[in-house]
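Participant: Sharing a structure here in structure tokens format.
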Amino acid sequence: MYIDLSTLLIFFFSSAFVVQLFYFLFFFLRLSFHKNNIKEQNTAPISVIIAARNESENLKKFLPSVLDQEYSNFEVIVVNDRSWDNTEEILKSFQESYSHLKIVTLADLGKDNFSKKFAITLGIKAAAHEQLVFTDADCYVPSKKWLQAIAVNDLDGKEISLGAGPYLKQKG
């Protein structure tokens, strides 16, 4: 039996098309119909931890969006990680307006070589709540319901939940 090359190519490409169609319909199309399954409003208390080193400009720009969340019980802990700019003054001015802002200051002794992990560890130790949310001082919070959206309602026996913070597309 003789099969020419064009018949073999048509069979190969049509098989590849069927496999791709199956993946599109079975996996990818389901994502477009996915609904957010938040069953109830999470009211578990949350501690938001931000490690900031020389982030005065970013804190002025982005910290109010974290502090103004529409969530019933949360605190924001900013760890001032050995900053030498005016981060401390900016944080103290925010603390006058926001009672749920807690500042942890890590002094610069000049001879220490701490990493950001140490600042985050101090933020965890200062947290009053069991559920922790971590973000950076230069991260943009998209809405006042951000904390509601990432709050975990039911982990089904799991101990951690991860979220992503995509980059904004811009020049530079």
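Participant: Kindly provide the set of residues from the stretch 60-79 that are open to solvent by less than 30 Å² (accessible area, probe 1.4 Å), touching a helix residue (DSSP H, G or I) at 6+ places or on another chain (Cβ under 8 Å) and either assigned to a strand (DSSP E or B) or more than 11 Å from LEU101 (Cβ to Cβ) (or both), ordered by number.
Facilitator: GLN69, TYR71, PHE74, VAL76, ILE77, VAL78, VAL79
Participant: Please go through the stretch 15-49 and pick out each residue that is under 30 Å from SER93 (Cβ atoms), at pLDDT 90 or above and either open to solvent by 40 Å² or more (accessible area, probe 1.4 Å) or hydroxyl-bearing (Ser, Thr, Tyr) (or both).
Facilitator: Passing the criteria: PRO45, SER47.
Participant: Also, I was wondering about something else. Sort out which residues of the stretch 111-149 are open to solvent by 70 Å² or more (accessible area, probe 1.4 Å) and not basic (Lys, Arg), and write them in order of number.
Facilitator: Across the stretch 111-149, the qualifying residues are ASN113, PHE114, PHE118, ILE124, ALA128, GLU130, PHE134, ASP138, TYR140, PRO142.
Participant: Output the number of the condition that TYR98 fails; it satisfies all remaining conditions of (1) of a type in the set (Ser, Thr, Tyr); (2) surrounded by 19 or more Cβ atoms within 10 Å (Cβ to Cβ); (3) touching a Leu at 6+ places or on another chain (Cβ under 7 Å).
Facilitator: (2)
Participant: Got at least one residue in the stretch 50-71 being of a type outside the set (Gly, Ala, Ser) and modelled with pLDDT under 85?
Facilitator: Taking every residue of the stretch 50-71 in turn, none turns out to be of a type outside the set (Gly, Ala, Ser) and modelled with pLDDT under 85.
Participant: Let me ask something else. Which of the residues spanning the stretch 86-144 are more than 19 Å from the chain's Cα centre (by Cα) and of a type in the set (D, E, K, R)?
Facilitator: Within the stretch 86-144, GLU88, GLU89, LYS92, GLU96, LYS102, ASP108, LYS111, ASP112, LYS125 meet the criteria.
The values are calculated or read from the model by the stated rules, or taken from the named source; none is laboratory data. What you see is a predicted model, and the numbers here were worked out from it, not measured in a lab. Note that we place each Cβ from the backbone using ideal geometry, even for glycine, and neighbour counts take in every protein chain shown. Heads up: the accessible areas ignore ligands, DNA and RNA and are worked out on the full protein's heavy atoms, side chains in. Shrake-Rupley method; radii C 1.70, N 1.55, O 1.52, S 1.80 Å.
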